[in-house]
Amino acid sequence: MKLLRYGPAGAEKPGMLDAAGTIRDLSGVIADLSGDALSPAGLAKLAALDPSKLPAVSGNPRIGPPVTGMKNLVCIGLNYADHAAETGAPIPKEPIVFLKSLNALAGPNDDVVIPRNSIKTDYEVELAIIIGTRAKYVSEDQALDHVAGYAVGNDVSEREWQAERGGAWDKGKGFDTFGPLGPWLVTKDEIPDPQDLAMFCDVDGVRQQDGSTRTMIFGVKQVVSYVSQCITLNPGDVIFTGTPPGVGLGKKPTPIFLKAGQTMRLGIAGLGEQQQKLVASD
């Protein structure tokens, strides 16, 4: 299934994408895509529905983040061998874990706001894991039991705040709008191998990232298990799993960063695409 949330920011309704690409309203079935709706039983209930009998949504509504009610927006750094190489960093021995502010969460096509005085805003297409059931101290063998599905994420980053303004990456990762997510939550039954997904990011129509989850250092099972040892994961929580090479910071001989007026387009095979316009902070 491809599940989504549509409507104005803060007033989104749950929906389902049917085989023809029409949004079907789920608000008569569930309150939202959160909590128990993301559990195996909740997803099975939705999968049993006949989409043709659900109300069709007309027009072209805004698409919001595909889940709500999250408590944690977790990220993994330097998790692609070829991305680590382009930055000159050694291969991590354990996952590098940091957090994004929940205010960073945005719809897949919402504008991304470049922070005031920023000159080093950057893009990162990422596979996002969406948690379906509470996960605490889970093994790698148990990890996928706690996953509801996957989505496209853009781990937008301000590199000066990330690396040049004292410790902790969170500062450069947590600005408002720095976490576009969606367009859909694609349930894991539709993604049999999350470690074999092509992914890309274009800026103003020029391909900047062209990678695959095959080069992830720590795969989905390892990431979910590892994070659950130190952070209790709850339904609706999201883990951004790292980015392939091609980020602006890694461009040679001179890094290339984003500017207001530019457009990012990014996607992952089977998970859809996002597009964001970059705008200046007021």
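The values are calculated or read from the model by the stated rules, or taken from the named source; none is laboratory data. Since the model is a prediction, treat every value here as computed from it, not as a measurement. Positions of Cβ are generated from backbone atoms using ideal geometry, with glycine treated the same way; all protein chains shown enter the neighbour counts.
One residue alone among Ile30, Ile76 is among the β-branched types (Val, Ile, Thr) and either within 28 Å of Asp170 (Cα to Cα) or assigned to a strand (DSSP E or B) (or both), and that residue is Ile76. Evaluating Gly242 against the criteria (1) at pLDDT below 95; (2) touching a His at 6+ places or on another chain (Cβ under 9 Å) leaves one unmet condition, (1). Checking Asp204, Asp176 one by one, the residue that is surrounded by fewer than 20 Cβ atoms within 10 Å (Cβ to Cβ) and under 23 Å from Pro66 (Cα atoms) is Asp176 and no other. Take Ala85 and tell me if it is among the small types (Gly, Ala, Ser), farther than 21 Å from Asp237 by Cβ and touching a helix residue (DSSP H, G or I) at 6+ places or on another chain (Cβ under 7 Å). For Ala85, the condition - among the small types (Gly, Ala, Ser), farther than 21 Å from Asp237 by Cβ and touching a helix residue (DSSP H, G or I) at 6+ places or on another chain (Cβ under 7 Å) - is not met. Flag not set for Ala44, criterion: outside any loop (DSSP other than H, G, I, E, B) and either surrounded by 14 or more Cβ atoms within 10 Å (Cβ to Cβ) or in contact with a Gly (Cβ under 6 Å, 6 or more places away or on another chain) (or both).
Cβ separations smaller than 6 Å between residues 6+ apart or across chains give the following pairs from the range 73-88 residues that are within 15 Å of Ser157 (Cα to Cα) to residues that are among the aromatic types (Phe, Trp, Tyr): Cys75/Phe98; Cys75/Phe240. Screening the candidates Ile96, Ile114, Ile119 for the property of being more than 14 Å from the chain's Cα centre (by Cα), more than 17 Å from Asp237 (Cα to Cα), surrounded by 21 or more Cβ atoms within 10 Å (Cβ to Cβ) and of a type in the set (Val, Ile, Thr) yields one hit, Ile114. When Thr121, Thr68, Thr133 are checked against the criterion of being more than 20 Å from Val224 (Cα to Cα), among the polar types (S, T, N, Q) and touching a strand residue (DSSP E or B) at 6+ places or on another chain (Cβ under 9 Å), Thr121 stands alone in meeting it.
Scanning the range 223-282 for residues that are of a type in the set (Val, Ile, Thr) and free of Cβ contacts under 8 Å to residues at least 60 places away in the same chain returns Thr254, Ile256. Ala85 satisfies every condition listed in (1) crowded, with 21+ Cβ neighbours inside 10 Å; (2) hydrophobic (A, V, I, L, M, F, W, C); (3) not in a loop (DSSP other than H, G, I, E, B) except (1). Looking across the range 43-62, the residues that are in contact (Cβ under 8 Å) with a residue 24 or more places away in the chain and within 17 Å of Thr187 (Cβ to Cβ) come down to Leu43, Leu46, Ala47, Leu49, Pro51, Leu54.
Each residue in the range 47-73 was checked for being in a helix (DSSP H, G or I), surrounded by fewer than 17 Cβ atoms within 10 Å (Cβ to Cβ) and not aliphatic (A, V, I, L, M), and 2 pass.
For the structure I just gave you, tell me whether Asp36 is of a type outside the set (Gly, Ala, Ser) and either in the same structural domain as Ala143 (by TED's automatic domain parsing) or closer than 30 Å to Gln195 by Cα (or both). The answer is yes for Asp36.
Determine, yes or no, whether Asp32 is acidic (Asp, Glu), within 25 Å of Ala135 (Cα to Cα) and surrounded by 16 or more Cβ atoms within 10 Å (Cβ to Cβ). So Asp32 fits the description; yes. Applying the condition of being farther than 21 Å from Gly236 by Cα and of a type in the set (A, V, I, L, M) to the range 179-201 and asking which residue is surrounded by the fewest Cβ atoms within 10 Å (Cβ to Cβ) yields Ala198.
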